[in-house]
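Inspection log for the structure reproduced underneath, given as structure tokens.
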Amino acid sequence: MTLMSVIFMLAVAMISNIFHLLPGRNESVLLVLMSSISFFGSLLFLSETRKILPRWYLAVPFCISLFLLVIISFWEVSGKELLSNYRYLVTPIVIALLALLSPFSLLVFLSLHRHPDSMEKYLAVTSIASVVSLFSLFFAIRELLSGNLQESYLSDGLIAIYLLYLLVVMPITGLSFLHYAIKQRNTKVP
């Protein structure tokens, strides 16, 4: 669960990168690294929970979205000449995949719902995060369908909603994953 939370701290890493707190200056490389770590964490989570949880399959969409983020961000970093004609598609796809992480994390916590621990607070946090993310995704799709697929297609309202999602909602969702992982670690009987 701890590894799965890494992708939710993407905005924090990008802000740290802007202020030169991290080595390098490429946000795409950060996306590749963070989505790869979260993807491998979700694979570990699936392999372990498959044995003990009856609804482990609810975490599969989260794993698939992380896999797609890894592929697209790696494609953007390594295949600039391959993307020359399709560069305008990368940003909307990444925005959509990042917006879908919150509803998919809700499914992850729903897969743990029959676990003995109380899951209400995690379900509440990820439900609220899902509403905000789906709201931002709705406006992003509306902007895309308006016919303007250039890099400047984002309106001011969509930027504000998406910044709220990236800077507040995603880190809170990531902290929920971290809190659950720490709680599980501390409650294990030796």
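Within the range 40-56, being part of a helix (DSSP H, G or I) and aliphatic (A, V, I, L, M) holds for L43, L44, L46, I52.
When the residues of the range 49-71 are filtered to those that are aliphatic (A, V, I, L, M) and touching a Phe, Trp or Tyr at 6+ places or on another chain (Cβ under 7 Å), which remaining residue is surrounded by the fewest Cβ atoms within 10 Å (Cβ to Cβ)?
V70
Results for (1) over 20 Å from L137 (Cβ atoms); (2) of a type outside the set (V, I, T); (3) at pLDDT below 75, shown as yes or no for each residue.
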| site | (1), (2), (3) |
| --- | --- |
| S5 | yes, yes, yes |
| A11 | no, yes, yes |
| E27 | yes, yes, yes |
| F39 | yes, yes, no |
| S42 | yes, yes, no |
| K51 | yes, yes, no |
| L58 | no, yes, no |
| L66 | no, yes, no |
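A count restricted to the range 105-115 and to residues that are at pLDDT 80 or above and either closer than 19 Å to K183 by Cβ or acidic (D, E) (or both) stands at 7.
What about S118, is it more than 23 Å from I64 (Cα to Cα) and either at pLDDT 80 or above or open to solvent by 50 Å² or more (accessible area, probe 1.4 Å) (or both)? Against the criterion (more than 23 Å from I64 (Cα to Cα) and either at pLDDT 80 or above or open to solvent by 50 Å² or more (accessible area, probe 1.4 Å) (or both)), S118 qualifies. Close Cβ contacts (under 7 Å, 6 or more residues apart or on different chains) running from residues in the range 126-141 that are over 18 Å from I93 (Cα atoms) to residues that are crowded, with 22+ Cβ neighbours inside 10 Å and of a type in the set (S, T, N, Q) comprise T126/S102; T126/S105; T126/T173; T126/S176; A129/S102; A129/T173. Output the number of residues of the range 147-182 satisfying the condition of being in a helix (DSSP H, G or I), modelled with pLDDT under 80 and hydroxyl-bearing (S, T, Y). Number satisfying all stated conditions: 3. Taking the criterion of being open to solvent by less than 50 Å² (accessible area, probe 1.4 Å), modelled with pLDDT of 85 or more and part of a helix (DSSP H, G or I), would at least one residue in the range 133-146 satisfy it? The answer is yes; a qualifying residue exists.
Check the range 74-81 and report whether any residue there is among the hydroxyl-bearing types (S, T, Y), open to solvent by less than 80 Å² (accessible area, probe 1.4 Å), at negative phi and at pLDDT below 80. Show your work before the answer.
Looking only at the range 74-81, we keep the residues that are among the hydroxyl-bearing types (S, T, Y), and these are 78.
Now restrict to residues that are open to solvent by less than 80 Å² (accessible area, probe 1.4 Å): 78.
Restricting the remaining residues to those that are at negative phi gives 78.
Among the residues that remain, those that are also at pLDDT below 80 are: 78.
There is at least one residue in the range 74-81 that is among the hydroxyl-bearing types (S, T, Y), open to solvent by less than 80 Å² (accessible area, probe 1.4 Å), at negative phi and at pLDDT below 80.
The values are calculated or read from the model by the stated rules, or taken from the named source; none is laboratory data. Given the structure is predicted, the values throughout are model-derived calculations rather than measurements. Neighbour counts run over all protein chains shown; Cβ positions are idealised from the backbone, glycine included. Note: areas computed on protein heavy atoms with side chains; ligands, DNA, RNA excluded. Shrake-Rupley method; radii C 1.70, N 1.55, O 1.52, S 1.80 Å.
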